[in-house]
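Q: Structure in structure tokens, see below.
The values are calculated or read from the model by the stated rules, or taken from the named source; none is laboratory data. It should be emphasised that the depicted structure is a prediction, and the values quoted were computed from it without experimental measurement. Heads up, the Cβs are rebuilt from the backbone with ideal geometry, glycines too, and the neighbour counts pull from every protein chain shown. Accessible surface is based on the protein model in full, side chains and every heavy atom, while ligands, DNA and RNA are left aside. Shrake-Rupley method; radii C 1.70, N 1.55, O 1.52, S 1.80 Å.
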Amino acid sequence: HRSRQSPDLSGSDMSGANLREKDCGGRNLSEANLSGADLSDAFVHKVNLNRANLSKAKLFRANLLQADLSHANLREADLIGADFSGADLSGADLSGAKVAVGGRTMVKLTGAILTGAIMPDGSIHD
């Protein structure tokens with residue numbers, strides 16, 4: 001009988017991976033390389049992405065409720081439709097991330113922690 005616990009994927013190289021519509025809930029992906037990965041419509045609820053590299057990743061409509069994205073690299077990532085409700089984005093780098101369509105912000109940040117995060121326009125959230 002195999003354990004149903006999520007494997008520890010910290011430090012894994014998953015650059016360019018297709019994780020579209022996958023359930024990654026509760027996993028440890030701290031310091032993982034997910035640059036250019038497709039996480040569209042993925043369930044990434046309560047995932048540890050501390051210091052992960054998500055640069056140029058596609059997080060279109062991804063569910064990141066209560067995820068730990070502290071100090072994560074989200075530079076130039078596509079965040080349209082992503083739900084970061086209750087997520088920790090403190091110290092994260094969102095420089096150049098795509099968050100708006102036609103001037104309208106299309107990312108849900110209800111209750112998200114943004115202290116020290118570098119916002120898409122380069123400003124630092126306080």
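Q: Note down the magnitude of the dipole of the chain about its Cα centre, charges +1 on Lys and Arg C-beta and -1 on Asp and Glu C-beta and zero elsewhere, to the nearest 20 debye.
A: Working: 14 positive and 15 negative charges, 68 e Å.
It works out to roughly 320 debye.
Q: Kirkwood hydrodynamic radius of the chain from all distinct Cα pairs, in Å? Walk me through the numbers before you get to the answer.
A: Values: mean 1/r = 0.0714 Å⁻¹.
Evaluated on the chain, it is 14.0 Å.
Q: Taking +1 at the Cβ of each Lys and Arg and -1 at the Cβ of each Asp and Glu, which of His71, Ala57, Gly26 sits farthest along the dipole of the chain towards its positive end, judged by Cα position relative to the Cα centre?
A: Of His71, Ala57, Gly26, it is Gly26.
Q: Quick one: among Leu39, Leu19, Leu54, which has the greatest mean-square fluctuation in a GNM of the chain with alpha-carbon springs under 10 angstrom?
A: Leu19
Q: Could you look at the chain and say what percent of its accessible area is carbon and sulfur, using a 1.4 Å probe and all protein chains?
A: Values: 3050 of 6750 Å².
Answer for the chain is 45 percent, counting heavy atoms of protein chains only.
Q: A further question on this structure: For the chain, give me the percentage of DSSP beta bridges that are antiparallel, rounded to the nearest 5 percent.
A: Numbers: 3 of 21 bridges.
Restricted to the chain, the bridges split so that about 15 percent are antiparallel.
Q: Where only protein heavy atoms count, and the probe is 1.4 Å, what is the accessible area per residue for segment 1-75 in Å²? Don't jump to the answer; show the numbers that get you there.
A: Working: 4180 Å² over 75 residues.
Per residue, segment 1-75 has an accessible area of 56 Å².
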